[in-house]
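**Q** Have a look at this one before I ask anything.
The values are calculated or read from the model by the stated rules, or taken from the named source; none is laboratory data. Being a predicted model, the structure only gives us computed values, none of them experimental. Here the Cβ positions follow ideal geometry from the backbone for every residue, glycine too, while neighbour counts run over all protein chains shown. Please note that ligands, DNA and RNA were not included when accessible areas were found on the heavy atoms of the full protein model with its side chains. Shrake-Rupley method; radii C 1.70, N 1.55, O 1.52, S 1.80 Å.
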Amino acid sequence: MILVVRYRTLFIILTGLLLAIVAAFRGGNDPDYGNYYDIYISSLHNSFLSLNIEPFYFFINKTLASVDAPFILLMLLIAVPAVLLKIYVIYKHSHLAFFSILIYILTIYISFDLIAIRQGLAISFIMLATSHWSNNRNFSIALVLIGSLFHLSALVVLPIFYLFSSKWQKNIFHLSFYAILFISFFGIKITVLDFIKIIPFIPSFILYKLDIYASYNQEGLNSAKQFFVCIIAFLIYNSNVKNNFIKQVSFLYVLGFLLSILFSSIGDIAFRIKWYFFWGEIFFIPYILSILVYKSKHRNSIPLLFVLFLLFLLLMYLYPAVNFINDIHSRGNSIIY
């Protein structure tokens, strides 16, 4: 058993380091890389308001640019913790790390850690905050606030955290799921952009980004796969699961799905918001296999369960990942190189 634990730890550490290095030293042809570089160069002679970015992220850029630090150093400072923090949460909470890392690579890693790394880092802080929410809320709130320094949208999770802690959490969860079914079944369209624009205290750089994000309507649509995973999250939550973390991330997935529907008129915002919650599938999908193995009456069938589950994951996650990468290439961009 000790040897198995050591191999598991070694596998997670080496995989995390490899993924972090690839993310940090990737090429400059992904959709966001050029924007990051332009911000870095422009930070010397502009303000964060004129660049429409978060003040703290601007300060990091300006500080490094003022001492002529290579741009790759900025990428290292963001990409490495963005990956390793996620890997740490996987190490802490996943009993089937291989499958959790596989789902991570085929979802958040290629979508954020290899492209939108600022939000990739923010998601990492949200994951870590979720991990500590039950035991240390103040620390979790601090982590969310740190994440928002890199991407302000991270603040969206705070009210959802408190909903999870509410005595009405089950009612909120079920109401959210049935609202998803109702809105999806009747094809109801919800527009919130005009309402947000009349809020007086919204910073100008946020309004600027909203207009840009609203032009990518397709990005906000939830796929059939995500709808299926939402149903799985609903079933797991209602299965009287004793693992509080699994229950929590199942709750977050469903409410994140509902939020993405409510913000679907601002396509890219809906896409970004939902991944502050959808990362939970990294944990509750492999959890299904752990339950199947635990309840299996025929121990000889366990290897077959692992093989079938791997095929299931490849079918459910590899195909969308390939489509995503092909879409990136069709726009004249690429990932890694």
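**Q** Exactly which trypsin sites (Lys or Arg not before Pro) in segment 241-286 are in a DSSP loop and have at most 14 other Cβ atoms within 10 Å?
**A** Lys242
**Q** A follow-up question, please. Tell me which trypsin sites (Lys or Arg not before Pro) from segment 117-190 have a DSSP coil assignment and no more than 13 other beta carbons within 10 Å of their own.
**A** Here the trypsin sites (Lys or Arg not before Pro) that fit, given the DSSP loop and packing criteria, are Lys167, Lys189.
**Q** With every protein chain kept in place and ligands, DNA and RNA left out, what is the accessible area per residue of segment 1-331? Probe 1.4 Å, answer in Å².
**A** 48 Å²
**Q** Compute the signed sum of charges (Lys and Arg +1, Asp and Glu -1) over the other residues within less than 15 Å, Cβ to Cβ, of Ile72.
**A** Local charge sum for Ile72: -1.
**Q** Let me ask another. Counting helices only, and only those DSSP H runs with n ≥ 4, report the 222 nm mean residue ellipticity of the chain as the sum of -39,500 (n - 2.57) divided by its residues, in deg cm²/dmol to the nearest 500.
**A** Helix-only estimate at 222 nm: -22000 deg cm²/dmol.
**Q** Separate question: First measure r as the distance between the Cβ atoms of Tyr178 and Asn244, then evaluate 1/(1 + (r/R0)^6) with R0 = 30 Å and state the FRET efficiency to the nearest 0.05.
**A** 0.80
**Q** With Cα extents along the principal axes in Å in mind, check (1) 73, 53, 31; (2) 67, 47, 43; (3) 66, 45, 39 and report the label derived from this structure.
**A** Checked against the structure: label (2).
**Q** Roughly speaking, to the nearest percent, how much of the chain's 1.4 Å accessible area is carbon and sulfur?
**A** Carbon and sulfur atoms account for 70 percent of the accessible area of the chain.
**Q** How much FRET efficiency would the formula 1/(1 + (r/R0)^6) give for Ser47 and Phe25, where r is the Cβ-Cβ distance and R0 is 25 Å, rounded to 0.05?
**A** Computed FRET efficiency for Ser47 and Phe25 comes out at 0.25.
**Q** In addition: What is the extension gain from Tyr7 to Lys167, computed as 0.36 nm multiplied by their sequence separation minus the C-alpha to C-alpha distance, in nm to one decimal?
**A** 53.5 nm
**Q** Pick from Ala69, Ala82, Ala270 the residue whose mean-square fluctuation is largest in a GNM of the chain, springs joining Cα atoms under 10 Å.
**A** Comparing Ala69, Ala82, Ala270 in a Gaussian network model of the chain, the most mobile one is Ala69.
**Q** Loop only per DSSP, at most 16 neighbouring Cβ atoms within 10 Å: give me the chymotrypsin sites (Phe, Trp or Tyr not before Pro) in segment 137-174, ordered by residue number.
**A** Here the sparse-neighbourhood loop sites are Trp168.
**Q** Right, another one. Once you keep just the Cα pairs under 8 angstrom separated by 6 or more residues, what percentage relative contact order results for the chain?
**A** Across the chain, relative contact order equals 22 percent.
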